[in-house]
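Structure record follows, encoded as structure tokens.
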Amino acid sequence: MYFSNSELVESLQRDFILPEKKQRGGAFIYFAESMPGFAHFNCTDTFQMIYVNNNFSDYFGLSPNEIIGKDIQFFREHYCFAEWKNKVEEIVDSAERDDEQKFFLYIQKIRKTEKSEYRDFICFTQWWSSFQCFLTYNIPVDNLGNGTKIINRFIERNEFIRNNYKKFASLTNREIEILRLIGAGKSRNEIAKILYISKHTIDNHRKHIRHKLEIKSTADLFRYIYTFSLV
């Protein structure tokens, strides 16, 4: 285990790492060292690396001393930074409210080098006010066994939302309402009666929906309905 300064090392060892200490931090450290993913502590203000487990340094092909002390630039180089930055804003807000109960679960794309392809990790992050730092554990999605298919569907859904949110946001409230009724299995005639509008108006709305969402098939239509939780 490696840390960036002696005072923090002493404090973490006293309260978190020693086996006789039955505290959450100690449990996390032993969990982190025994699982297939990697773990790290980061300072709140600069995101400087304070602790990394052995799997973390092995994954990036760097020695622990090369990683410890690195700041936000490390995340720029190895993480899908736009996604990471959005999640960090939520985590920082939790820290500002001193909310240790808030626990973040999310998918993060991480790569070994700037030339490598991204790999999906499921991440768990919590704010620790005692040390003014974040505690994060990352496990590769493809190491989750039977859970991989579920996680992959979750990733695909998130990517679909990111790629198509602007199209979906262009829909009017009426068009979204019609999509919701289509998802509920309502026919053209039933929708017209429910909304007190003509069947011709329904047809026009459907044309606008297909045009805005660039829909080419009924399957595409229902993918939007299910992905954006309209049913």
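See the values below:
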| item | result |
| --- | --- |
| Residues PHE124, PHE134, sorted so that the one with the fewest Cβ neighbours within 10 Å comes first | PHE124, PHE134 |
| Cα gyration tensor category, rounded, prolate or oblate, for the range 147-227 with a/c compared to 1.5 | prolate |
| Three-way shape call for the range 183-231 based on the alpha-carbon gyration tensor, with the a/c threshold at 1.5 | oblate |
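Read-outs: derived from the displayed coordinates by stated rules, not from any lab. None of these values were measured; they are calculated from a predicted model. Cβ: placed from backbone, ideal geometry, glycine included. Neighbour counts: every protein chain shown.
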